[in-house]
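Reviewing the structure listed below.
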Amino acid sequence: MRNKIIAGNWKMYTTVEEGVALVKALDAGLAGNDLANKTVIVIPPALHIVSVLAEAKKAGKVHLGAQNCHYEKEGAFTGEISPRMLKDVGVEYVVLGHSERRQYFKEDNGLLAVKTGAVLAENLIPIYCCGETLEQRESGKYKEVVQQQIEEGLFGLSAENISKVIVAYEPVWAIGTGKTASPEQAQEMHHFIRSLFATKYGQDIAANLHILYGGSVKPNNAKELFSQPDIDGGLVGGAALKAEDFLGIINA
Ligand code: PEP
């Protein structure tokens with residue numbers, strides 16, 4: 001049985017103080033919750049990680065992720081943060097290929113393949129995002145787009161490494177728009193993604209793969225989405241910024 005993973009991507013929101021307060025509120029809300037079958041991850045701006053993690057460690061309920069990283073261990077790459085640095089401060093997960101990185105920072109599948117390898121080399125867990133734009137969905141080519149993102153970004157990995165990766169399916173038209181994929185649309189894509197892994201790596205790896213859904217997940221739609229057979233939790237943006245909403249999603 002795959003456990004559920006609920007990850008909150010704070011994007012470029014919150015001050016450090018607000019971020020620490022958010023984790024404090026999450027911990028208070030999770031007190032007494034049995035998280036044996038759930039992993040809760042917060043993914044703050046990089047600048048906040050050390051302070052937020054210090055707070056998160058007190059209750060030990062919330063794990064830390066980063067929103068991006070460079071692919072080198074160190075070097076003359078002004079403004080960048082390496083997987084080694086993230087590992088050093090206690091980060092466990094790294095989001096790669098978020099649609100905003102693909103769109104605004106022109107990250108492509110080839111670059112993401114290199115980043116994924118670098119993250120795994122530091123024993124961090126990549127959360128690899130894929131998903132089609134509205135135009136690609138309406139053209140009917142959405143499965144091909146996602147297949148290419150997965151094949152080019154991930155399928156160079158060994159079976160051992162691929163089994164550590166988490167995939168997030170995030171249709172771009174649903175991110176931050178309030179427009180959620182229907183449970184049936186999301187399930188169709190999650191099933192399709194799992195079948196790609198089954199063909200490439202075999203049934204066992206595919207059956208153990210976590211595939212998160214992202215795109216306007218809210219407390220009132222999370223339960224239906226997360227009860228689909230191939231949806232293993234969510235990557236949450238806007239609703240992760242309010243403890244009450246994020247807790248509502250975690251408890252869905
Ligand atoms: C995201 O940032 O990955 C996301 C899914 O955002 P939202 O939940 O706001 O659509």
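Readers should treat all values here as calculations from the given coordinates under stated rules, not as data from a laboratory. Values in this document were obtained by computation on a predicted structure and should not be read as measured data. Heads up, the Cβs are rebuilt from the backbone with ideal geometry, glycines too, and the neighbour counts pull from every protein chain shown.
Below are the figures for this structure:
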| read-out | value |
| --- | --- |
| Residue-span extension gain [LYS200 to ASN123] - 0.36 nm each, minus C-alpha spacing | 25.4 nm |
| Whole-angstrom Cα spans of the stretch 111-235 along principal axes, big to small | 37, 29, 26 |
| Gaussian network model of the chain, springs between alpha carbon atoms under 10 Å - residue of GLN228, GLN148, GLN103 with greatest fluctuation | GLN103 |
| Tail beyond 16 Å, pair distance distribution of the stretch 106-157 (Cα, percent) | 44 percent |
| Potential extension, LYS58-ASN37 segment - 0.36 nm per residue separation minus Cα distance | 5.5 nm |
| Net charge of Cβ neighbours under 12 Å - reference ARG84; Lys, Arg +1; Asp, Glu -1 | -3 |
| Hydrodynamic radius by Kirkwood, which averages 1/r over all alpha carbon pairs of the chain, in angstrom | 18.1 Å |
| Chain lengthening between SER51 and GLU138 when straightened (0.36 nm per residue, less Cα-Cα) | 27.0 nm |
| Within the chain, percent of DSSP bridges classed antiparallel, to nearest 5 | 0 percent |
| Fluctuation leader among ASN37, ASN221, ASN68 - the chain, Gaussian network, Cα springs under 10 angstrom | ASN37 |
| Surrounding net charge for GLY32, when Lys and Arg each add one and Asp and Glu each subtract one, Cβ distance under 15 Å | 0 |
| Sum of side-chain charges, MET1 neighbourhood, beta-carbon under 13 Å (Lys, Arg +1; Asp, Glu -1) | +2 |
| The stretch 4-251, relative contact order [Cα under 8 Å, separation at least 6], % | 20 percent |
| Of LYS57/LYS106; LYS4/LYS106; LYS11/LYS179; LYS143/LYS242; LYS115/LYS164; LYS38/LYS106, those spanning more than 26 Å from alpha-carbon to alpha-carbon | LYS57/LYS106; LYS4/LYS106; LYS143/LYS242; LYS38/LYS106 |
| Label-to-label distance, nm, for residues given as THR78 and LYS179 (7 Å Cα→Cβ offset) | 4.0 nm |
| Selection of GluC sites (Glu not before Pro), the stretch 49-139, meeting DSSP coil and at most 11 other Cβ within 10 Å | GLU74 |
